[in-house]
Amino acid sequence: MVKNRLLSAVCLLPVLVVALGATRSEAACVDAVVLVHGNAGKPADFDNTYNELLRRGSVAGEIFRPNWGSKTCAACNDHDGSELVPVKDAINQALARSCTGKVDVIGHSMGVTLSIKAILDLGVQSRVDAFVGIAGAYRGLWSCGTYPLNVVTSTCGYWGLSVSSPFLTGIYGKRMASRIYSIKSNTDQIVCSTTVCTVNGVHSSSIANENASYNYSTGHFGLLTDTYVKQADLIR
C-alpha cells in the first residue's frame, strides 16, 4: 500500500511541476520596463519604483535603468549624441527580453524628453505600451529662455529645453506609446523655477495626447520618489 502511494506521488510530481511552472510563467509575463533618470541623475534615483515593480511580480532582469549623461556638468547634457545611446540600448534590450513583446517606459525630468526622442528615433512607438513622464519639461523651461534667445548652455540650446527649441518642436504631438501619462506639480522647483509652470496656458510637464495627468503637492524630486505606487499602477 505504502509503495503504491509512493509511486502515485512520484507519477504526479512532474504534472505538479509543469502546472506550477505554467502558473509562474503566466504570472511573470508582464512588459519589461525602462526607467530613465533625469539630468545629472543616476539609476538609483528610481529605487522606490524598482522595488515596487519587483514586489508586484516583475523580474529584475526585465527592468532596465540606463545610466546616461555627465554627472558633473548638467548644463553640458542635451538630447542628441552620447546621451541618447544608453537609453536607446536599454529600450532595445528591454524589447528583446520582454515576454509580451512590448515595454513600458518611465522617465523623470530630462529623462522624459530624452526617452521620447529615443523611442521616436528607434521607431518603436507601437511597441511601447505605457509611457509615464514625471516632472518633465515637455513644453520647455522658461529658465532656458525662448529659442533662440537666452540660450547659453547645451541643455537649453537647439537640442535642449528652451521654449520652442527645434528639438521640442520636433517631438511635440508625436505619440510615443499606446497609453501616455504625466505626473506633475505646481511647486516643482525646476519646471516652475520662474514661478510660471505653464507654456501657452498648459503645464510644461503635460504631454500632448496624454490619457491622464496627475498633480501632486511636492517638489521636483519628490514627484519621482514619492509617487512610485502610482507609477506602478499606471503601467500595470
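The values are calculated or read from the model by the stated rules, or taken from the named source; none is laboratory data. Everything quoted here is computed from the prediction, not taken from an experiment. Quick reminder, even Gly has a Cβ in these numbers, built from the backbone with ideal geometry, and neighbours come from all protein chains shown. Heavy atoms of the whole protein, side chains included, go into the accessibility calculation; ligands, DNA and RNA do not. Shrake-Rupley method; radii C 1.70, N 1.55, O 1.52, S 1.80 Å.
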Using amide H atoms built 1.01 Å from N in the peptide plane, name the residues 5+ places from F64, or on other chains, whose amide H lies under 5 Å from its own.
V33, V34, L35
Per residue accessible area of the chain, 1.4 Å probe, in Å²:
46 Å²
Relative packing of 54-64, 126-136, 85-95, 141-151, which averages over residues the other C-beta atoms within 10 Å, highest first:
126-136, 85-95, 141-151, 54-64
Kindly provide the Kirkwood hydrodynamic radius of the chain in Å, to one decimal, from all pairs of distinct alpha carbon atoms.
18.7 Å
Judged on accessible area alone, 1.4 Å probe, highest first, T49, T187 line up as T187, T49
Can you list the lysines whose alpha carbon is less than 16 Å from that of K71, not counting same-chain residues fewer than 8 positions off?
K42
Of all the accessible heavy-atom surface of the chain, with the other protein chains kept in place and a 1.4 Å probe, what percent is carbon and sulfur?
57 percent
Multiply the residue gap between K174 and V202 by 0.36 nm, knock off their C-alpha separation, and tell me the result in nm, one decimal place.
8.4 nm
Run the numbers for T195 and L122: contour at 0.36 nm per residue of separation, minus the present Cα-Cα distance, in nm.
22.7 nm
Long-range tail of P(r) for region 108-156 (Cα pairs > 17 Å, %)
45 percent
